[in-house]
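Have a look at the structure below, then the notes.
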Amino acid sequence: MLTLALHAAVPETDSIPQKNSPYPKSALLSYQYGKVIQTHDFVKGENPNQEAYENFMAFTGEFGIHTDGRKLWQQLYHYPIWGFGLYKGFLLNDYDELGNPLATYAFFKAPFKRWKKWSIDYNVGFGVSFNWNKHDIIEDGQYFYPIGTFSTIYFAFSLGANIQISKHLDLNAGLTYTHFSNGAVKLPNLGINFWSPQISLQYIFNERPEFIHQEKPHYLKEWEWIVILAPAFRQVSYEFDDNGTKNAIAFDYSVLTFSTSFNRQFTHLVKFGAGFDLTYNEAYGAEIDKDEDGNPVKDEDGNPVKGPSLPYSDQLLVGVYPAFELIINKLSMVVQSGFYVYRKDIPVTDAPTTYQRIGLKYHFADHFILGLNIRAYNFSKADFIEWVIGYRIKWQKSYRK
């Protein structure tokens, strides 16, 4: 989605006279050696090896396309580089418990500040990782594994200094944060997080881009009304006693969110707004089935049985949120932090009062929206992944005289 959006044409008002030559390309190789962030008990040492996860190393290769300002968004973002990357990581004392991730991703790299021979850059990568070992929620009666799927979402953010060392070579050094999570599509989903120094060498094929600079046109502020439908599903786990051994089971539940908001785009890059969500969450108030004495009802295999669903009205939640969007051509990065103004009080559910949403939206045919969001709570825990389809209406009328 990121790659498609960056490659698409912008509206005529955002266009700058075109060059006929192709964009310059580059190849980059980088090396990382750093720390596993101690975010849960498994990486702290409560694992079969009885040893904390300390260090990792990784190698990255990227193919980049260098923009030169022939589109207005390129100039506004100080002539960024976008492209594709391949990541290979190694947990140095894993002993084949979790696996060593391999990821493919799209990236967007741009400078905060550029000088003649060097710049201070940020780089955002988003994609999919593979090669994790599958695990149950609890294994060996005691160990809570952090990842239960073969593949996860890959996210990386880095800051660094880029220095031109020759006509074709650049050297980059900085710090990188990397996150792996499956978005609670399947439990367990405690996630894995890395941070590290990173050093990179980039080779630019042919010539460096010659930047096009024209006067930025005045932006006519726009209002928009957005209507979105976002289906999802999530898992909820339940612990139970399995012949004297601690065990756990997870069940799937459906989630459907209707969301609407009014936004105001103030510049070519930034949009603010507010909206509300009406969410049907089948997992809200869910529990395992119990008999008259309060003991779990089990099937023929000795596993607990999924309990009956509550009435639909008891699983409706209403939330309100402020909205922020960072616009890159036809792509938007969405950040929202909401709180629930209505939800039924259900004793078996310890639900947070706030929720967060971060994701990507792609606008096509001017009015239609496709997107992907991670819905979270407590500003740290993924709740579920939303698949977004929507429609928007835009207008430029100002109510100020």
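For this structure, a couple of remarks:
- Residue within segment 310-321 that is free of Cβ contacts under 8 Å to residues at least 24 places away in the same chain, assigned to a loop (DSSP other than H, G, I, E, B), over 20 Å from F126 (Cβ atoms) and over 17 Å from the mean Cα position of the chain (by Cα) present: yes
- Yes/no for K306 being touching a helix residue (DSSP H, G or I) at 6+ places or on another chain (Cβ under 8 Å) and touching a residue at least 12 places away in the same chain (Cβ under 8 Å): no
- Sole residue being under 19 Å from K88 (Cβ atoms), more than 21 Å from the chain's Cα centre (by Cα) and in the same structural domain as T104 (by TED's automatic domain parsing), chosen from N172, N193, N162: N172
- Boolean, P311 is under 25 Å from I249 (Cβ atoms) and either touching a Leu at 6+ places or on another chain (Cβ under 7 Å) or surrounded by 11 or more Cβ atoms within 10 Å (Cβ to Cβ) (or both): no
- Pick from segment 335-373, criterion aliphatic (A, V, I, L, M) and in a strand (DSSP E or B), ranking: nearest to L278 (Cα to Cα): V341
- Residue in segment 252-302 that is modelled with the lowest pLDDT, counting only those that are small (G, A, S) and over 26 Å from K186 (Cβ atoms): G294
- Taken as a whole, segment 384-395 holds at least one residue that is basic (K, R), modelled with pLDDT of 90 or more and surrounded by fewer than 19 Cβ atoms within 10 Å (Cβ to Cβ).
- Pick from segment 188-221, criterion in a strand (DSSP E or B) and among the aliphatic types (A, V, I, L, M), ranking: nearest to Y122 (Cα to Cα): I199
- Criterion (touching a Phe, Trp or Tyr at 6+ places or on another chain (Cβ under 7 Å), surrounded by fewer than 22 Cβ atoms within 10 Å (Cβ to Cβ) and of a type in the set (D, E, K, R)) met by exactly one of K216, K221, K186: K221
- Of the strands (runs of 3 or more DSSP E) lying entirely inside segment 222-291, those carrying at least 3 residues that are over 30 Å from I369 (Cα atoms) and of a type outside the set (S, T, Y) are 222-242, 245-265.
- A single member of N263, N243 is of a type outside the set (S, T, Y), buried (at least 16 other Cβ atoms within 10 Å of the Cβ) and not assigned by TED's automatic domain parsing to the domain that holds H135, and it is N263.
- Those residues of segment 37-76 which are of a type in the set (V, I, T) and in contact with a strand residue (DSSP E or B) (Cβ under 6 Å, 6 or more places away or on another chain), in sequence order: I37, T39, V43, T60, I65
The values are calculated or read from the model by the stated rules, or taken from the named source; none is laboratory data. Note that the coordinates shown come from a computational prediction; the quantities given were computed from them, not determined experimentally. Methodologically, a virtual Cβ is constructed for each residue, glycine included, from the backbone with ideal geometry; neighbour enumeration extends over all protein chains shown.
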